[in-house]
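S.K.: Provided herewith is a single structure, encoded as structure tokens, for subsequent inquiry.
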Amino acid sequence: MADYIKEHYNFPLTQKSENKPLKGVRVIDAGNMVAAPFATVLLADFGADVIKIEHPKYGDGQRKLEPIMDGIPLWWKSVARNKRCVTLDLSKPEGAEIFKQLIRKQDVIVENYRPGTFEKWGLGYDVIRAIDPKIILLRISGFGQTGPYKNRAGFGRVAEAMSGLTNLIGEPDGPPMSPGYPLGDLIAGIFGSLSVMMALYHRDLRGGEGQVIDLALYEAVFRFLDFDPIQYDQMKTVHRRTGNRVAYVAPSSMFKTKDGKYLTLAASTQSVWLRLAKAIDREELTTDPKFLDNPARVVHSAEINGIVGEWIERHTRDQVIEHFDKFEVAYSSVFDMEDAFRDVQYRAREAMVRVPDPDLGEAIVQNVVPKFSATPGSVDFLGAPMGTHNEEVFCGELGMSKERLQQLKDAGVI
């Protein structure tokens, strides 16, 4: 416990920024689970006023995902930070009507239900546009709003597989592997927040109107594969998994140190290779025709990886770090979260911050990314319990009486 306390207080207490770049932008997060909440939390970090809508009985499904400590959903604390949380059943006519009132004051709506769900509730874009043609509607789904797969259920793991990413992870003679984290959802969330900013730019700085953004999870992940489509089109080469080796760079792999730790490197430029050869005291390799340049080294990747690996396994991780830093080799230890909490770079960059919280007392989360010099974002508070801001939003902003609010709660609408 003493070590944990020390690590905890190595990070600064969050400081609220008063000059966030998205101050004044109003967003409704009407989605459920990872992709939509992640898109909106990225906007909230930089000052957007995000109102998170949840079903009054079930809440957002992400509240049910581990890790959960003493009934407190820790993932929710992070993904719902800086958001005002309200409850509203959009599937009920009364709930849909309140939603229509609420969106009159908004800039952006984000949803990630299966295509057709909002239309079934009477909340399709035609209805939204009639209320305010300037509203931007971001729709995230597994396979997009069109096409033969549009009605399929989809989530991150499915998108990773269909995009081709899963097929690139694992050993060549083993099964394809999942990243072990909903990477597809998070990638879509990044594209989602970026697309909202582009739509706002078009609307506010170019005199445009609102629009619908159709974002498919599998397409977001597919875009990350970058050169794979053009490689197949032009060369009919299918990118295959290569384990820890990078197919187009050598030496590159995951290497085990004398003390059982792991680190990775990739000599992606000739200068990195020259420094690496010097670091392991094998400068003669740089004039060997087999290792002269990257294309030659890729052909002989097993051999050159073996040479580098043999040197690394004779040294402890700390020895390798000291030596590689001395010769400016591009590498990294393979961190777990304990490593991250104790790392000097994480602390120097304030990559994590301590945030006061009524449920946890204080908790550490990632700081806002990236860092702005003039208009920084900040983590002002962590994810709130369901319905925390019901009265503030429905009574304070829509003028609903407390008696009416209670009636709607009793009816299961709120």
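S.K.: When only residues in the stretch 312-348 that are among the basic types (Lys, Arg) and loosely packed, with under 14 Cβ neighbours inside 10 Å count, which is nearest to MET254 (Cα to Cα)? Let's see the steps before the verdict.
M.R.: First pass over the stretch 312-348, keeping only residues among the basic types (Lys, Arg): 314, 317, 326, 342, 347.
Now restrict to residues that are loosely packed, with under 14 Cβ neighbours inside 10 Å: 314, 326.
Details: ARG314: 15, LYS326: 20 Å.
In this case the residue turns out to be ARG314.
S.K.: Still on this structure: Name the pairs whose Cβ atoms lie under 8 Å apart, with the first residue in the stretch 323-343 and touching a residue at least 24 places away in the same chain (Cβ under 8 Å), the second basic (Lys, Arg) and surrounded by 14 or more Cβ atoms within 10 Å (Cβ to Cβ), and 6 or more positions between them or separate chains?
M.R.: Hits for this filter: PHE327/ARG275; PHE327/LYS278; GLU328/ARG275; VAL329/ARG275; SER333/LYS261; SER333/ARG317; VAL334/LYS261.
S.K.: Report whether or not GLU328 is closer than 30 Å to LEU285 by Cβ, out of contact with any helix residue (DSSP H, G or I) (no Cβ under 6 Å at 6 or more places or on another chain) and outside the structural domain of LYS16 (by TED's automatic domain parsing).
M.R.: Considered against the rule, which asks whether it is closer than 30 Å to LEU285 by Cβ, out of contact with any helix residue (DSSP H, G or I) (no Cβ under 6 Å at 6 or more places or on another chain) and outside the structural domain of LYS16 (by TED's automatic domain parsing), GLU328 comes out as no.
S.K.: When you scan the stretch 306-388 for helices (runs of 4 or more DSSP H) that lie fully inside it, which ones turn up with 2 or more residues that are farther than 20 Å from THR14 by Cα? Explain how you work it out, then say what you get.
M.R.: Details: elements: 317-326, 337-342, 344-348.
The helices (runs of 4 or more DSSP H) meeting that bar are 317-326, 337-342.
S.K.: Any idea which residue in the stretch 297-311 is surrounded by the most Cβ atoms within 10 Å (Cβ to Cβ), counting only those that are farther than 15 Å from VAL329 by Cβ and among the small types (Gly, Ala, Ser)?
M.R.: SER301
S.K.: Answer yes or no: is there a residue in the stretch 13-36 that is modelled with pLDDT under 95, touching a Lys or Arg at 6+ places or on another chain (Cβ under 6 Å) and at negative phi.
M.R.: no
S.K.: Taking the condition of being of a type in the set (Asp, Glu) and surrounded by 18 or more Cβ atoms within 10 Å (Cβ to Cβ), how many residues in the stretch 124-160 meet it? Before the answer, list the steps.
M.R.: Here is the first cut: in the stretch 124-160, the ones of a type in the set (Asp, Glu) are 126, 132, 160.
Subset that is surrounded by 18 or more Cβ atoms within 10 Å (Cβ to Cβ): 160.
Here the count works out to 1.
S.K.: For the stretch 264-296, which residues satisfy the criterion of being hydrophobic (A, V, I, L, M, F, W, C), assigned to a helix (DSSP H, G or I) and under 18 Å from ALA247 (Cα atoms)? If you could, list the steps in order and put the result at the bottom.
M.R.: Our first condition is that a residue be hydrophobic (A, V, I, L, M, F, W, C); within the stretch 264-296, this holds for 265-267, 272-274, 276-277, 279-280, 285, 291-292, 296.
So of that shortlist, the ones also assigned to a helix (DSSP H, G or I) come out as 272-274, 276-277, 279, 285, 291, 296.
Listed by number, the residues that qualify are VAL272, TRP273, PHE291, ALA296.
S.K.: Among the residues of the stretch 96-112 satisfying the criterion of being modelled with pLDDT of 95 or more, out of contact with any helix residue (DSSP H, G or I) (no Cβ under 8 Å at 6 or more places or on another chain) and not aliphatic (A, V, I, L, M), which is surrounded by the fewest Cβ atoms within 10 Å (Cβ to Cβ)?
M.R.: GLU97
S.K.: Return a yes/no flag: does the stretch 168-184 have any residue that is surrounded by 22 or more Cβ atoms within 10 Å (Cβ to Cβ) and modelled with pLDDT of 95 or more.
M.R.: yes
S.K.: Within the stretch 76-98, restricting attention to residues that are closer than 29 Å to VAL368 by Cβ and of a type in the set (A, V, I, L, M, F, W, C), which residue is farthest from the chain's Cα centre (by Cα)?
M.R.: Residues of the stretch 76-98 closer than 29 Å to VAL368 by Cβ: 76-88.
Those still in the list that are of a type in the set (A, V, I, L, M, F, W, C) too: 76, 79-80, 85-86, 88.
On the way: TRP76: 14, VAL79: 10, ALA80: 13, CYS85: 20, VAL86: 23, LEU88: 26 Å.
Restricting to residues being closer than 29 Å to VAL368 by Cβ and of a type in the set (A, V, I, L, M, F, W, C), the top hit is LEU88.
S.K.: Next question. Modelled with pLDDT of 95 or more, assigned to a helix (DSSP H, G or I) and acidic (Asp, Glu): does that describe GLU303? Quick ask: steps written out before the conclusion?
M.R.: Numbers: modelled with pLDDT of 95 or more: yes; assigned to a helix (DSSP H, G or I): yes; acidic (Asp, Glu): yes.
For GLU303, the condition - modelled with pLDDT of 95 or more, assigned to a helix (DSSP H, G or I) and acidic (Asp, Glu) - is met.
S.K.: Right, another one. Can you name every residue in the stretch 1-41 that is within 22 Å of ASP357 (Cα to Cα), surrounded by 13 or more Cβ atoms within 10 Å (Cβ to Cβ) and basic (Lys, Arg)?
M.R.: Selection gives LYS20 alone.
S.K.: Would you be able to tell me the number of residues in the stretch 254-280 that are touching a residue at least 24 places away in the same chain (Cβ under 8 Å) and either at positive phi or of a type in the set (D, E, K, R) (or both)?
M.R.: Selection size over the stretch 254-280: 6.
S.K.: Another question, if that's okay. Please enumerate the residues belonging to the stretch 386-398 that are out of contact with any helix residue (DSSP H, G or I) (no Cβ under 9 Å at 6 or more places or on another chain) and not polar (S, T, N, Q).
M.R.: HIS389, GLU392, GLY396 - these are the residues of the stretch 386-398 that are out of contact with any helix residue (DSSP H, G or I) (no Cβ under 9 Å at 6 or more places or on another chain) and not polar (S, T, N, Q).
S.K.: Could you check the stretch 83-93 and list, in sequence order, the residues that are assigned to a loop (DSSP other than H, G, I, E, B) and touching a strand residue (DSSP E or B) at 6+ places or on another chain (Cβ under 8 Å)?
M.R.: Within the stretch 83-93, LEU88, LEU90 meet the criteria.
S.K.: Something else: Quick one: which helices (runs of 4 or more DSSP H) lie wholly within the stretch 1-82 and hold at least 3 residues that are under 20 Å from ASP107 (Cα atoms) and either of a type in the set (D, E, K, R) or touching a residue at least 40 places away in the same chain (Cβ under 8 Å) (or both)?
M.R.: Because the criterion is at least 3 residues that are under 20 Å from ASP107 (Cα atoms) and either of a type in the set (D, E, K, R) or touching a residue at least 40 places away in the same chain (Cβ under 8 Å) (or both), the helices (runs of 4 or more DSSP H) in the stretch 1-82 that meet it are 35-45.
S.K.: Can I ask one more? From the list SER163, SER193, which residue is in contact (Cβ under 8 Å) with a residue 60 or more places away in the chain, of a type in the set (Ser, Thr, Tyr), over 24 Å from VAL108 (Cα atoms) and in contact with a helix residue (DSSP H, G or I) (Cβ under 6 Å, 6 or more places away or on another chain)?
M.R.: Details: SER193 fails: over 24 Å from VAL108 (Cα atoms).
Checking each option against the conditions leaves just SER163.
S.K.: OK, next. For the stretch 258-296, name all the residues that are in contact with a helix residue (DSSP H, G or I) (Cβ under 6 Å, 6 or more places away or on another chain), surrounded by 19 or more Cβ atoms within 10 Å (Cβ to Cβ) and within 23 Å of ILE169 (Cβ to Cβ).
M.R.: Selection gives ALA267 alone.
S.K.: Only one of THR287, THR316 is out of contact with any Phe, Trp or Tyr (no Cβ under 6 Å at 6 or more places or on another chain) and without any contact (Cβ under 8 Å) to a residue 12 or more places away in the chain. Can you tell me which?
M.R.: THR287
The values are calculated or read from the model by the stated rules, or taken from the named source; none is laboratory data. Small disclaimer: the values here were computed from a predicted structure and weren't measured. Heads up, the Cβs are rebuilt from the backbone with ideal geometry, glycines too, and the neighbour counts pull from every protein chain shown.
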